[in-house]
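The next block holds one structure in the form of structure tokens; read it before the comments.
The values are calculated or read from the model by the stated rules, or taken from the named source; none is laboratory data. Note that this is a predicted model, so its numbers are computed, not measured. A quick note on method: Cβ atoms are made from the backbone with ideal geometry, for glycine too, and the neighbour counts reach across all protein chains shown. Each accessible area value is taken on the protein alone, full model and side chains, heavy atoms only, with ligands, DNA and RNA left out. Shrake-Rupley method; radii C 1.70, N 1.55, O 1.52, S 1.80 Å.
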Amino acid sequence: MSKLLIKGGKTLNGSVRVQGAKNSVLPILAATVLCDDISTIHGCPQLRDVSAAVKILECLGCRVKREGDTLTVDAKCVSAADLPDSLMRRMRSSITFLGAITARCGRAKMCSPGGCEIGIRPIDLHIKALRELGIRVYETGGYTETEADRIKGADIHLDFPSVGATENIMLASCLGDGKTTIWNAAKEPEISDLQDFLCKMGAKIKGAGSDVIVIDGVKKLHGAEHRVIPDRIVAATYLCTGAMCGGEINLTNICSTHIKSVISVLKDTGMIIKEEKDGITLKSNGRILPIDILRTMPYPGFPTDAQAPFAALLSLAEGTSVIVENIFENRFKYCGELCRMGADIKVSGRAAVIRGVKRFYGACVTAMDLRGGAALVAAGAAAHGETQIDGVNLIERGYESIEDDLAKLGADIKKD
Ligand code: UD1
């Protein structure tokens, strides 16, 4: 099992290019099965979750080729509609394939995803919406199975603006009969990216980025070429790390409008931020101001995926901060590990009270989940002494090469 070894305390300076967005690549890869044609997707990071999605496509009968960060998917020979349990367990978000496979094959079968390290993560909103589209959904013996002769346009109101459910409805309905309207849709940039790709394939969708998305079903889609948007959560993680370590870092391949809420909080902590056309520069003088209350919210609110790196940052603030997690119910597991490094964090339910400390100290810690693991890396880079992080495979689900990126900025970090 590999580990990350970090000799902390180095000031960070320099520039790094941000990878393509994992959360865009996954639904876009699911969309490629909607046509019997070839699609080319640029900007696909080499991640465990992306290779799991590629394996799913191959299981369905697609031929997939990777050249650098470009994936070419030939979906002419889709022959299977059943997903093996092992793949479903490797990546919870494979549920996004349910709508796409059903639209292409008229049926799908996969094991129900179950809970994960950050919460229960039910799929009730996905299932209710697919049923409203006229899809028969059976949940038996730990499996979710769908059947549909025709997918029918519908008016769907989501009780919560779920990202995955919004994507599943878009994927299932764009080949359906008539018009589908999603009310209270998720507004994340990855939803707009999926709309852009589907429209390039010939779909008729508008409204992504707002809370009402309208899909006019079409008879057939064709292959398309697309470059995914930059990963706003990777950018937020690196900005936090720069803020904690001091110095001046520049990120390229980032759309600063996607991280407005993150930039606003960073400015409140005292960071100097310059937004450029395709990048962003953060200057830190080493002083970090606390934040009274930081609440995670659906986009354009502060992202739950950036919550853990910000807890690491606020641990070094000159005062007390409170973080309230409103999206997932179990997303503070990493706090115990940060405390082993010297943080002072008390968690009660969905709130964490963070009393600022002078410094982190290097320690042996374990990543419990993807973003919590990234927070440990950020803390390790800022810590006095040496940090060893186990559970690197969880971090690699979302960061292509966190050690190379931070090393480029001057951190002393390597994978062992
Ligand atoms: C996506 C992102 C994830 C991010 C999250 C919230 C991907 C691959 N993952 O996850 O990184 O943290 O959005 O921004 O894009 N819920 C239900 N029933 C459902 C579906 C969701 O109760 O059927 C609840 C969830 O348990 C959670 C909340 O809704 O509490 C938000 O979940 P959702 O927006 O669906 O997140 P994901 O799409 O799973």
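Quick look at the values:
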read-out	value
Residue within segment 23-35 that is under 19 Å from residue 198 (Cβ atoms), open to solvent by 40 Å² or more (accessible area, probe 1.4 Å), within 16 Å of the ligand (Cβ to nearest atom) and modelled with pLDDT of 95 or more present	yes
Condition broken by residue 258, with the remaining ones in (1) touching a Phe, Trp or Tyr at 6+ places or on another chain (Cβ under 8 Å); (2) crowded, with 19+ Cβ neighbours inside 10 Å satisfied	(1)
Meets criteria (under 24 Å from the mean Cα position of the chain (by Cα), of a type in the set (Val, Ile, Thr), at pLDDT 95 or above and surrounded by 17 or more Cβ atoms within 10 Å (Cβ to Cβ)) for residue 213	yes
Some residue of segment 63-73 being in contact (Cβ under 8 Å) with a residue 60 or more places away in the chain, out of contact with any strand residue (DSSP E or B) (no Cβ under 7 Å at 6 or more places or on another chain), in a strand (DSSP E or B) and not basic (Lys, Arg)	no
Tally, over segment 341-350, of residues that are more than 16 Å from the ligand (Cβ to nearest atom) and surrounded by fewer than 17 Cβ atoms within 10 Å (Cβ to Cβ)	3
Answer residue from segment 178-188, given it is closer than 18 Å to residue 327 by Cβ and open to solvent by less than 10 Å² (accessible area, probe 1.4 Å) and is nearest to the ligand (Cβ to nearest atom) among those	186
Unique match (being open to solvent by 10 Å² or more (accessible area, probe 1.4 Å), outside the structural domain of residue 163 (by TED's automatic domain parsing), at pLDDT 95 or above and not small (Gly, Ala, Ser)) among 329, 337	337
Whichever residue in segment 280-300 is away from the ligand (no atom under 16 Å from the Cβ) and touching a residue at least 60 places away in the same chain (Cβ under 8 Å) and, among such residues, is surrounded by the fewest Cβ atoms within 10 Å (Cβ to Cβ)	290
Any hit, segment 234-255, residues being within 16 Å of the ligand (Cβ to nearest atom), of a type in the set (D, E, K, R) and open to solvent by 10 Å² or more (accessible area, probe 1.4 Å)	no
Candidate set: segment 159-177, residues that are open to solvent by less than 20 Å² (accessible area, probe 1.4 Å) and away from the ligand (no atom under 16 Å from the Cβ); chosen: the one nearest to residue 327 (Cα to Cα)	173
Subset of segment 358-411 (residues that are of a type in the set (A, V, I, L, M, F, W, C) and open to solvent by 50 Å² or more (accessible area, probe 1.4 Å))	364, 368
Given (1) part of a helix (DSSP H, G or I); (2) without any contact (Cβ under 8 Å) to a residue 60 or more places away in the chain, number of the condition residue 49 does not satisfy	(2)
Residue within segment 79-96 that is within 22 Å of the chain's Cα centre (by Cα), more than 15 Å from the ligand (Cβ to nearest atom) and on the phi > 0 side of the Ramachandran plot present	no
Which numbered condition residue 23 fails, given (1) assigned to a helix (DSSP H, G or I); (2) farther than 19 Å from residue 393 by Cβ	(2)
Residue within segment 189-201 that is of a type in the set (D, E, K, R), open to solvent by 30 Å² or more (accessible area, probe 1.4 Å) and assigned by TED's automatic domain parsing to the domain that holds residue 73 present	yes
Number of the condition not met by residue 219 [criteria: (1) within 26 Å of residue 71 (Cα to Cα); (2) in contact with a helix residue (DSSP H, G or I) (Cβ under 9 Å, 6 or more places away or on another chain)]	(2)
Residues (within 16 Å of the ligand (Cβ to nearest atom) and either among the aliphatic types (A, V, I, L, M) or under 16 Å from residue 210 (Cα atoms) (or both)) located in segment 124-158	125, 127, 129, 130, 133, 135, 137, 156, 157, 158
Residues located in segment 53-79, provided they are surrounded by 21 or more Cβ atoms within 10 Å (Cβ to Cβ), closer than 26 Å to residue 394 by Cα and small (Gly, Ala, Ser)	53
Subset tally (residues that are more than 26 Å from residue 329 (Cα to Cα) and more than 23 Å from the chain's Cα centre (by Cα)) for segment 278-300	7
Complete set of residues in segment 80-115 that are surrounded by 20 or more Cβ atoms within 10 Å (Cβ to Cβ), of a type in the set (Gly, Ala, Ser) and at pLDDT below 80	93
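Rundown of residues vs (1) within 15 Å of residue 101 (Cα to Cα); (2) of a type in the set (Val, Ile, Thr), yes/no style:
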| residue | (1), (2) |
| --- | --- |
| 125 | no, no |
| 140 | no, yes |
| 161 | no, no |
| 176 | yes, no |
| 180 | no, yes |
| 188 | no, no |
| 202 | no, no |
